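The values are calculated or read from the model by the stated rules, or taken from the named source; none is laboratory data. Predicted, not measured: the structure shown is a model, and the values here were computed from it. Cβ atoms come from the backbone with ideal geometry, glycine included; neighbour counts cover every protein chain shown. Side chains included, ligands, DNA and RNA excluded: accessible areas come from the protein's heavy atoms. Shrake-Rupley method; radii C 1.70, N 1.55, O 1.52, S 1.80 Å.
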Amino acid sequence: MEGSAYLLPEPTHDTSMTEVERGTPMGELLRRYWHPVGLTADAGPTPKKVTILGEELILFRDGQGRVGLIYPRCCHRGTTLYYGKVEDDGIRCCYHGWQFDVEGRCLDMPVEPEGGGNFKRKVRQPWYPVEERYGLIFAYMGPPDKKPLLPRYAIFEELEEGELVDADDSSLGSGGDVVAPCNWLQHFENVMDPFHVVVLHDGFSGTQFVEPMGIMPEVTYENFEHGVRSFQVRTLDDGRTLRRITETVLPTLRIVASPVLTPGRCGFIGWTLPVDSTHYRIYTAARVTKKGALVKNRSKPGGKLWFDMTEEEHQKYPGDWEAQVGQGPISYHSEEHLGVSDKGIIMLRKMFNEQLAAITAGEDPINTARTEDENYVTSQSGNWFEDVAAE
Ligand code: FES
Ligand SMILES: [Fe+2]
């Protein structure tokens, strides 16, 4: 009975790498960074519920155009500001009308003497700082004295003529629904797994990208100043060489050039946002020449959009979503057997462990710039074809 499932020990996951709630090791590491919480258009005059890193929050934009991200329970007697009214200078609670600005200052208490007088200066609705960039709203949910600058990315700062930056919230690149029911790390570490492309996206499910992606690549990896990158070299049938570079930038950025092999440098960044410990979604920004062009990049396993597939088709043409959600809400690390082909994942996990150790030691983790000079992330990701025969 060697290998009997009856003999399996109780499975466990690595809690320090996966769980994102406040007070957990990874939750605290992730809280040292800015995360996308919505598209620019998501913050408006109607309060919107968002869940980020396991925290439920309310997003809105006041009449003066300022974005607010606040704790939902009103600091008076706790009803939710989801039912609040957004006004010119803040949001007003539905229950007794306390009004707060985007930084949680109480501006008015209409049923208290003198509109709250001094009392209103003694309360503060809990809030988080936000900034808008690249069509996205970013929030910083960590210790106030550790807030880094919101990063700038060369991909979006060095535009060519006619290009603009567009953003998308439909989890492009996950292959499935907008909020995927599994841990964020399952998706993020997949970026450093170039071998699954040959199996899952080609041999197993038929060509999900383009044919050259089905050729077994020679792969090397390196740590670089912002994360881990892989170099994938493929010899094409026509004798040319395809060099593809893919990057993970800590904590959650996937810089993955077009899998349909558009030549040149990568024009996308995807942020793998942990909604909570067992759900993630992806926000994407990209250089495009036309607004709205981004969403056309949605993959079509088996020629159909994921939403339109039958259960049978999901089994016949699984993609990233099926494989990663198939690992369970949080994958059991105790049951893994990592091989040589998992080197990129091992390097990425090691880099995360180093950052967890850094914050425990009171140091700043990677990619937390404090001066504008240091606040610039460049990328080598892209696809390059070399015509070896012509040399
Ligand atoms: S509970 Fe919000 S004003 Fe009373
Ligand atoms: Fe994939």
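Here are the numbers:
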| read-out | value |
| --- | --- |
| Region 33-131, accessible surface, carbon-and-sulfur percent (1.4 angstrom probe) | 48 percent |
| Computed accessible area, T235, all protein chains, 1.4 angstrom probe, square angstrom | 100 Å² |
| Whole-percent carbon and sulfur share, accessible surface of region 250-377, 1.4 Å | 55 percent |
| Accessible area (Å², 1.4 Å probe, nearest 10) - E222 | 70 Å² |
| Distance between modelled label sites at K48 and W384, nm, 7 Å Cα→Cβ extension | 3.9 nm |
| Percent of alpha-carbon pairs separated by more than 27 Å within region 56-193 | 39 percent |
| Net lengthening on full extension, A361/R298 (0.36 nm per residue, minus Cα-Cα) | 18.5 nm |
| Percent RCO, i.e. relative contact order, over region 31-174, from Cα pairs under 8 Å lying at least 6 residues apart | 24 percent |
| Residues of region 33-131: accessible area per residue with a 1.4 Å probe, Å² | 48 Å² |
| Distance (nanometres) between label positions extended 7 Å along Cα→Cβ at R66 and Y376 | 3.2 nm |
| Three semi-axes of the equivalent ellipsoid, region 33-131, Cα gyration tensor, whole Å, largest first | 23, 13, 12 |
| Probe 1.4 Å - accessible area at F224, Å² to nearest ten | 30 Å² |
| More than 34 angstrom apart: percent of Cα pairs within the chain | 34 percent |
| Share of pairwise Cα separations in region 1-62, more than 16 Å, in percent | 62 percent |
| Relative contact order [Cα under 8 Å, 6+ residues apart], the chain, whole percent | 20 percent |
| Descending Cα extents along the principal axes, region 305-372, whole Å | 51, 34, 21 |
| Under 17 Å from K48, Cα to Cα: lysines that are on another chain or at least 8 residues apart | K85 |
| Relative packing of peptides 243-249, 17-23 - highest average C-beta neighbours within 10 Å first | 243-249, 17-23 |
| Residue-count net charge about I155 - beta-carbon cut-off 15 Å; Lys, Arg +1, Asp, Glu -1 | -1 |
